[in-house]
Amino acid sequence: MGYTLTEKILRQHLADGFCEPGKEIGIKIDQTLTQDATGTMAYLQFESMGLSDIATELSVSYVDHNTIQVGFENADDHAYLESIAKRYGIYFSRPGNGICHQVHLERFARPGKTLLGSDSHTPTAGGVGSLAMGAGGLDVAVAMGGGAYYLAAPRVINVHLTGRLEPWATAKDVVLKVLSILSTKGNVGCVCEYTGEGIAALTVPERATITNMGAETGVTTSIFPSDEQTRRFLQAQGRGEQWTSLAADKDATYDRTIEIDLSEIEPLASLPHSPGNIARIKDLNLPVDQVMIGSCTNSSYVDLMTVAAMLKGKQLPAGVSLGIAPGSRQVLSTMARNGALSDLIAFGARILESSCGFCIGNSMSPCTDSISVRTSNRNFRGRSGTASAQVFLTSPLVAAASALTGKLTDPRELEMDYPRIDMPEHFEIDDSMIIAPLPTAERAEIKVCRGPNIGEPPVNGPMPEEISGQVTIRVADLVTTDHIMPAGSRLKYRSNVPKYSEFVFEPLDKEFSRRASALQGQGVHNLIVAGLSYGQGSSREHAALCPMYLGVKGVIAKSIERIHAANLVNFGIVPFHFTQESDWNSLPEKTEVRIPGIRKALETSKENIMALAGNKQIHLLMSLSKRQRDILLAGGLLPYTVQASKGAKKEK
């Protein structure tokens with residue numbers, strides 16, 4: 001029996017365990033990436049481990065989220081990141097060089113390599129055949145130090161593509177079709193592997209769009225084979241020698257297969273307020289107030305050149321705002337040289353920095369009660385920075401058509417020929433905004449810059465004998481990490497956990513932080529009760545780190561998404577699952593709850609445990625590996641890693 005491509009790469013990198021679906025395995029990580037919103041804490045944690053150098057083949061620190069430097073905090077963080085990169089042998093992509101996933105795809109991603117990134121859209125690199133996964137910053141820090149990354153060996157879904165995309169249908173529409181099939185929940189522990197003759201005509205940037213937004217389904221990652229399209233892309237990037245042919249065996253066995261005929265794909269949109277709420281553009285007829293084109297999903301050269309061709313010689317209608325953010329300096333400079341940038345400016349577009357910007361809600365927020373059409377990957381309520389805005393996610397072609405007409409428009413209705421843009425045979429390479437690692441001998445002399453907003457990472461204490469506390473908040477289904485830890489203007493406090501913790505659950509309950517802090521001061525443990533798919537969305541570990549700082553000891557949920565569940569364990573918070581969903585109604589806010597014998601249950605690998613809420617018994621499940629239980633007993637991954645390191649030194 002043959003292997004899937006996913007299985008092949010996992011087996012080549014296996015460091016612990018056996019590749020049996022659902023069982024925990026540890027794999028060696030070849031590459032890591034961080035971005036500034038998560039990187040500062042990741043590197044502070046790396047320093048706390050007392051390591052002298054990175055152990056990966058390549059690690060890159062990107063600055064792409066908080067490039068708007070309002071106040072000293074962001075600039076201080078960027079200075080810290082640049083100096084820490086020099087100190088430990090990490091590549092540093094300076095502010096303005098581009099979005100981490102776009103730049104990594106262009107300059108670093110390689111077929112067959114494992115990539116771990118402290119950003120949930122790291123699977124973008126699956127477009128070149130990398131096994132690329134998002135994780136919390138602490139997991140990335142451990143991987144940089146040479147530690148294995150642990151995950152459940154995945155079930156592999158075969159997304160079998162046939163046919164060829166028709167004009168005006170795009171890769172964004174393909175992944176929206178996948179979302180309409182898989183939805184945004186129920187896919188934890190799976191990988192989407194793309195096969196079939198239909199992939200042959202999809203370029204690497206198109207594949208990267210699909211693997212990028214595959215994150216919204218909740219799968220561990222998505223991956224394409226490495227073939228002639230991959231070779232052509234790497235050759236165009238001056239990295240042809242890094243190409244290797246990779247594919248699944250012809251007799252590979254998959255957990256399930258999804259059949260998609262690309263010739264049947266038509267322009268689609270994600271409706272507010274979920275990426276999985278899919279509709280056909282031709283069924284929508286709504287006025288548009290704002291159009292935003294860019295993000296790590298849709299800001300490649302071909303994406304933006306096609307938009308420029310559609311808008312050339314025309315003018316932006318009154319009442320519509322258009323912003324365009326090229327994904328990388330390479331894309332921006334190429335368009336500046338060939339005149340396409342001038343066409344966009346002449347149309348009336350506002351040219352934005354090559355950064356995450358509008359996607360994370362730290363700029364370009366739409367007006368009250370408006371409709372914003374965006375090419376990004378998430379449209380959670382309030383993520384744009386405007387709680388009342390209606391955000392529709394579409395392809396760049398639909399976005400451009402909507403900017404032309406002032407309403408949501410199927411581009412097939414436009415009276416224009418389809419502007420087919422080919423990917424260049426060679427990109428003009430300029431890596432001057434990437435600072436390469438210093439020679440090893442020079443690194444020890446580097447002084448790390450630490451501004452007043454940068455503090456030490458808080459460390460949790462060991463798990464107590466029992467959890468005795470109160471339900472501090474109860475939330476419904478589909479609560480995202482944006483709900484738990486708001487981004488936007490609050491992100492500048494990411495290096496200052498005491499300050500950032502003041503905003504935990506701010507979009508849902510502005511009093512949560514004050515309430516949790518008061519209970520913690522009384523020696524009461526805080527508990528969170530949640531519905532389905534708790535913690536979906538961004539990988540930001542602060543959604544676990546800040547609750548830990550406020551004394552949260554457990555999350556009791558109907559289901560928890562993969563990255564967030566791992567982050568909870570990493571910071572010493574137990575992820576509990578209801579064995580009966582009806583028990584959710586038995587735990588309203590302010591309910592006093594005891595979970596006796598939690599420490600012993602973890603020590604003895606007991607999966608089922610009883611919570612006591614007054615006279616009612618609540619049956620809970622802890623689906624944890626032996627390693628995760630040991631981490632929880634130690635109080636989190638950081639103290640666990642430090643203890644393990646000290647133990648290893650004593651043995652020597």
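The values are calculated or read from the model by the stated rules, or taken from the named source; none is laboratory data. Everything quoted here is computed from the prediction, not taken from an experiment. Here Cβ is always computed from backbone atoms with ideal geometry, including for glycine, and neighbour counts include all displayed protein chains.
When each of ILE631, ILE618 is tested for being assigned to a helix (DSSP H, G or I) and touching a residue at least 12 places away in the same chain (Cβ under 8 Å), the lone residue that passes is ILE631.
On the given criteria, is ALA55 under 24 Å from ILE29 (Cβ atoms) and either outside the structural domain of SER363 (by TED's automatic domain parsing) or at pLDDT 95 or above (or both)?
On the way: under 24 Å from ILE29 (Cβ atoms): yes; either outside the structural domain of SER363 (by TED's automatic domain parsing) or at pLDDT 95 or above (or both): yes.
The answer is yes for ALA55.
Screening ALA252, ALA269 for residues that are surrounded by 18 or more Cβ atoms within 10 Å (Cβ to Cβ), over 29 Å from GLN390 (Cβ atoms) and small (Gly, Ala, Ser) leaves exactly one candidate, ALA252. Condition (residue is part of a helix (DSSP H, G or I) and over 17 Å from the mean Cα position of the chain (by Cα)) applied to segment 107-119: is it met by at least one residue? Yes, because at least one residue in segment 107-119 is part of a helix (DSSP H, G or I) and over 17 Å from the mean Cα position of the chain (by Cα). Given the structure, is PRO458 touching a His at 6+ places or on another chain (Cβ under 9 Å), in contact (Cβ under 8 Å) with a residue 60 or more places away in the chain and more than 18 Å from ARG378 (Cβ to Cβ)? The answer is no for PRO458. Scanning segment 296-331 for residues that are surrounded by 20 or more Cβ atoms within 10 Å (Cβ to Cβ), aliphatic (A, V, I, L, M) and in contact with a strand residue (DSSP E or B) (Cβ under 8 Å, 6 or more places away or on another chain) yields LEU304, VAL307, LEU322, ILE324, ALA325, VAL331.
Please go through segment 42-88 and give me each residue that is of a type in the set (Gly, Ala, Ser), surrounded by 20 or more Cβ atoms within 10 Å (Cβ to Cβ) and more than 22 Å from PRO486 (Cα to Cα), ordered by number.
Once the filter is applied, which keeps residues that are of a type in the set (Gly, Ala, Ser), surrounded by 20 or more Cβ atoms within 10 Å (Cβ to Cβ) and more than 22 Å from PRO486 (Cα to Cα), segment 42-88 yields SER59, SER61, ALA85.
Among the residues of segment 105-127, the ones that are touching a Ser or Thr at 6+ places or on another chain (Cβ under 8 Å) and over 23 Å from TYR150 (Cα atoms) come to 2 in all. Total residues in segment 369-391 satisfying the condition of being in a loop (DSSP other than H, G, I, E, B) and either among the small types (Gly, Ala, Ser) or surrounded by 19 or more Cβ atoms within 10 Å (Cβ to Cβ) (or both): the figure is 15.
Here's the yes/no breakdown for (1) crowded, with 24+ Cβ neighbours inside 10 Å; (2) under 13 Å from ILE467 (Cβ atoms):
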residue	(1), (2)
LEU532	no, no
ARG562	yes, no
ASN567	yes, no
ASP583	no, no
LYS590	no, no
ALA601	no, yes
ILE609	no, yes
GLN617	no, no
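Looking at segment 122-223, the strands (runs of 3 or more DSSP E) lying wholly inside it that each contain 2 or more residues that are at pLDDT 95 or above, aliphatic (A, V, I, L, M) and buried (at least 24 other Cβ atoms within 10 Å of the Cβ) sit at 131-134, 155-162.
Screening segment 351-374 for residues that are closer than 24 Å to ILE281 by Cβ and among the charged types (D, E, K, R) and picking the one that is modelled with the highest pLDDT gives ARG374.
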